[in-house]
1. Using a 10 Å cut-off around each Cβ, can you sort B:HIS264, B:HIS306, A:HIS38 from fewest to most neighbouring Cβ atoms?
2. Arrange A:VAL148, B:VAL166 by Cβ neighbour counts within 10 Å, fewest through most, would you?
3. Which of rounded, prolate, oblate describes segment B:159-311, given a ≥ b ≥ c as roots of the alpha-carbon gyration tensor eigenvalues and a/c under 1.5 marking rounded, otherwise prolate only if a/b is larger than b/c?
4. Give me the percent relative contact order of segment A:101-157, please, defined on Cα pairs under 8 angstrom at least 6 residues apart.
5. Per the Cauchy relation, a quarter of the hull surface: what is the mean projected area of the convex hull of the alpha carbons in segment A:69-157, in nm²?
6. Give me B:THR89, A:THR42, A:THR63 sorted ascending by neighbouring Cβ count inside 10 Å, so fewest comes first.
7. So what's the net charge close to B:ARG302: Lys and Arg +1, Asp and Glu -1, counting the other residues with Cβ under 12 Å from its Cβ?
8. With labels modelled as points extended 7 Å from the Cα through the Cβ direction, what inter-label distance (nm, one decimal) is found for A:THR93 paired with A:SER116?
Amino acid sequence: MKRAVWFLLASLLMTCTMNRSGQVNSQDTATTNNLEEHAKVTLYVFSGRENPSWQLSPEQTKTLISILDALPSSEPKSFFEGLGYQGFLVSLTDSASGESKIIRVYKGLVQYNTGSVEKYLTDKDRKIEHLLLESGGSRLESGIYNAVERELKPPHP
Amino acid sequence: MINVELDIFSGNPNPKWTLSNKEANELLDRVMADRSLAAPPKTVGGLGYRGYIISVEDDARFQRAQLPSRFYVSAKNSMDTESWLLNSTESEKSVADGVRQVALDSIRSTNQAWSQLWSDYMQGKPSYPQLEGSGPTIGSPTPDIPPDTKPDIEGTVSTDACGALVYSSDTNFSFWNGDAYSQYNNNCYNFASNYKSNTFAQPGRKAYVQWSVLDCGNYAGAIGYASAYDGHTNGCWSGYEYLTCFVIWPGSDYHWYRLCANGHWCHKPGQTPARNYDNSGYWITDPYYCNRGPYTVFCSYRYFPHGWSVV
């Protein structure tokens, strides 16, 4: 009897803990449970011409979100972009609710905006920018792809 | 003897030739019919085709007509005379085909663009000019004339020639950056024209001659040609102009700047915010020498009438 009560209490405790963790995750990261998200990417690179844009595949979207979830927070900073490569903008739309989140990334700085929440994250290895550039692939003019690829290379020591 | 010099180069010597006796008589007839052809130049400087320098040597006819021994037929002064001079006999030996084409295109595009636009304006067509969508200005105070520090550029902007040069603030860009919609839907060309169309405006689109070639030139399809049709031309006529310039990222894109207050140039790189600094973070006092990133080709300066639209 005592063993059964302890087991029941332990189960309840574990359930509460798991719920609390799930709630924390959904508040602090881009991950949402049981939802499909569509991601439209725009490469900010031109000044006069329209910037190229494309859709991410579901797998690429999941990868993007998992990378975002793992990034540490950063202090708010300004994007100091200029002529030439200016980063990426990703518009994440929840297919069920229609809600949009905007992710702006440039030189390892990520700005994540849900409309009500604005957070800054640090992507030291620029994984998001690499992922997004690769997702552009053949949609991008080779000269532009190569120019952005050069921008993403780490500086020579 | 009447000598003609095509004023087109900045570094190389200009092409020169001598008019035949018959052509000299015709030039005299033209000048006598329109004395403004022999006036001193109204605008000085600018890259590319600028007009002709006419030198008169020991010609009694010109002396009797009390014409100056040296005068300037400026670009946009008279399309007919400018074209005629370019086609005079001896010019074929002195002017290379490519140079001739540049000059001809410049004569045709600026004069065609302006004569058509002026005609439209005088007929009250609604597209010219529009003030809705125009960005703010700080009026037309005594302009700051940019210093002439560039060895390849001759002359400075003259207020006597162009009336008032119009400026907006070199620090307040709220008109462009104040809301996301404005920022994302207006590009460098919108900013340089100081006109917010929210269409990510393209050179030439308004006049159905949208650019298709990433080139500075004044031939059909090139940025220089297309933007002239919108109003970005080599000369001024409205008396209330912005000073702009454009550059090219070879094979990839174009970009425009506009002169703002205090001799500072400003710009808006695509969907990013408008600003007054270059890629190094410095004030832009000279777009020719500033850090333009991959936009390595400097094309030319242009004038654009305040209140005109781009789409």
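1. Values: B:HIS264 18, B:HIS306 23, A:HIS38 14.
Taking fewest neighbouring Cβ atoms as first place, the list is A:HIS38, B:HIS264, B:HIS306.
2. Numbers: A:VAL148 21, B:VAL166 24.
Least crowded to most crowded, the residues run A:VAL148, B:VAL166.
3. Details: a/c = 1.21, a/b = 1.09, b/c = 1.11.
In terms of gyration-tensor shape, rounded.
4. Details: 52 pairs, mean separation 13.4, N = 57.
That works out to 24 percent.
5. Values: hull surface 29.4 nm².
Result: a mean projected hull area of 7.3 nm².
6. Values: B:THR89 12, A:THR42 19, A:THR63 16.
The most exposed by this proxy come first: B:THR89, A:THR63, A:THR42.
7. Values: positive: B:ARG258; negative: B:ASP230, B:GLU241.
Local net charge: -1.
8. Spacing of the two 7 Å Cα→Cβ label points: 2.1 nm.
A short reminder: the numbers here are calculations on the coordinates, not readings from a lab. Bear in mind the structure is a predicted one, so any value in this text is a computation, not a measurement. Positions of Cβ are backbone-derived with ideal geometry, glycine not excepted, and every protein chain shown enters the neighbour counts.
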